[in-house]
1. Which of the residues belonging to the stretch 39-87 are surrounded by fewer than 19 Cβ atoms within 10 Å (Cβ to Cβ) and either within 14 Å of His142 (Cβ to Cβ) or under 13 Å from the mean Cα position of the chain (by Cα) (or both)?
2. Within the stretch 194-230, which residues are of a type outside the set (A, V, I, L, M, F, W, C) and within 28 Å of Gly39 (Cα to Cα)?
3. In this structure, is Tyr78 in a helix (DSSP H, G or I), of a type in the set (Ser, Thr, Tyr), in contact (Cβ under 8 Å) with a residue 12 or more places away in the chain and under 30 Å from Ala177 (Cα atoms)?
4. If you scan the stretch 98-109, which residues turn out to be open to solvent by less than 70 Å² (accessible area, probe 1.4 Å), under 16 Å from Met124 (Cβ atoms) and in a helix (DSSP H, G or I)?
5. List pairs: first in the stretch 165-178 and open to solvent by 60 Å² or more (accessible area, probe 1.4 Å), second in a helix (DSSP H, G or I), Cβ under 6 Å, 6+ apart or cross-chain?
6. Out of (1) more than 21 Å from the chain's Cα centre (by Cα); (2) open to solvent by 50 Å² or more (accessible area, probe 1.4 Å); (3) not β-branched (Val, Ile, Thr), what's the single condition that is false for Leu120?
7. Considering only helices (runs of 4 or more DSSP H) fully contained in the stretch 134-230, which possess at least 1 residues that are β-branched (Val, Ile, Thr) and touching a Ser or Thr at 6+ places or on another chain (Cβ under 8 Å)?
Amino acid sequence: MTSLMDTGAPAKVDFHFDIMCPWAYQASRWMREVRDRAGVTVHWRFFSLEEINRAEGKKHPWEREWSYGWSMMRIGAYLRRQDPELLDRWYQVAGRALHEEGRKPHRPDVAETLLAEMGLDPGMVRAAIDDPTTGEEVHAEHEVVVAKGGFGVPTLIFEDGQALFGPVLVDPPAGDAAVRLWELVTGWLEFPHLYEVQRPKRAGDIDTIANAFSAYLEARDWFTIEHATP
């Protein structure tokens, strides 16, 4: 295990995600590697792309009986109450199903199947949706990000209250490289008025992204909305 004691890098983070987001999923793979290699404490938190991208006049996700990302996160909230480790596993399993295997965990029957594969009661899907407080929990964590000016995921929130959007990547590093990236990302915290550094995407980069996200693009039942960074 790599120690962060000498680097000054934070040892705790709230990682806000929406299972729908392929970028957040890739970053979560990196975050798990950092956690396991460097002992960083990761708290998985929610953020709703359906709500932040909601068109005027359309229903809020909590006004629907079933909303894709929102309902998957409500299942996660229900599981977290039993054991935070269950939310970690649910995000990993549902994320892999959508973004790597091309399955549809945003559909109730598939969500039930995935819970069964985890050795859990598939009835937890219905229990999570029947409990209105799971939606309240997702909403509260979503609003934490919005209050900080957040607009998407992954968003990292640190103990000192600072928030960073990203990293945005398609090939999460492993091992010592994952820890080096953590040190680079958290190095931004030293510069609170550093807002953006971005690598322009060439045609080849777009092809790389499309290939990396091919399973997700086949499995999604929604149109992806892309907004320019504020």
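1. Hits for the stretch 39-87 are Val42, His43, Ile52, Asn53, Arg54, His60, Trp62.
2. Start the filter on the stretch 194-230 by keeping residues that are of a type outside the set (A, V, I, L, M, F, W, C), which leaves 195-196, 198-202, 204-205, 207-208, 211, 214, 216, 218, 220-221, 224, 226-227, 229-230.
Once the filter is applied, which keeps residues that are of a type outside the set (A, V, I, L, M, F, W, C) and within 28 Å of Gly39 (Cα to Cα), the stretch 194-230 yields Tyr195, Glu196.
3. no
4. Pro108
5. Val168/Trp23; Ala174/Glu33
6. Here Leu120 clears every test but (2).
7. On the way: elements: 175-187, 203-212, 214-219.
Helices (runs of 4 or more DSSP H) meeting the threshold: 175-187.
This table checks each residue for (1) in contact with a Pro (Cβ under 9 Å, 6 or more places away or on another chain); (2) open to solvent by 20 Å² or more (accessible area, probe 1.4 Å); (3) closer than 29 Å to Glu101 by Cα; (4) of a type in the set (Val, Ile, Thr).
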{"residue": "Glu141", "(1), (2), (3), (4)": "no, yes, yes, no"}
{"residue": "Val145", "(1), (2), (3), (4)": "no, no, no, yes"}
{"residue": "Gly152", "(1), (2), (3), (4)": "no, no, yes, no"}
{"residue": "Gly161", "(1), (2), (3), (4)": "no, yes, no, no"}
{"residue": "Arg199", "(1), (2), (3), (4)": "no, yes, yes, no"}
{"residue": "Ala219", "(1), (2), (3), (4)": "yes, no, yes, no"}
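The values are calculated or read from the model by the stated rules, or taken from the named source; none is laboratory data. Just so it is clear, the structure is predicted and the values come from calculations on it, not from any experiment. Please note: Cβ atoms are built from the backbone with ideal geometry, for glycine as well, and neighbour counts cover all protein chains shown. The accessibility values were calculated without ligands, DNA or RNA, using every heavy atom of the protein model including side chains. Shrake-Rupley method; radii C 1.70, N 1.55, O 1.52, S 1.80 Å.
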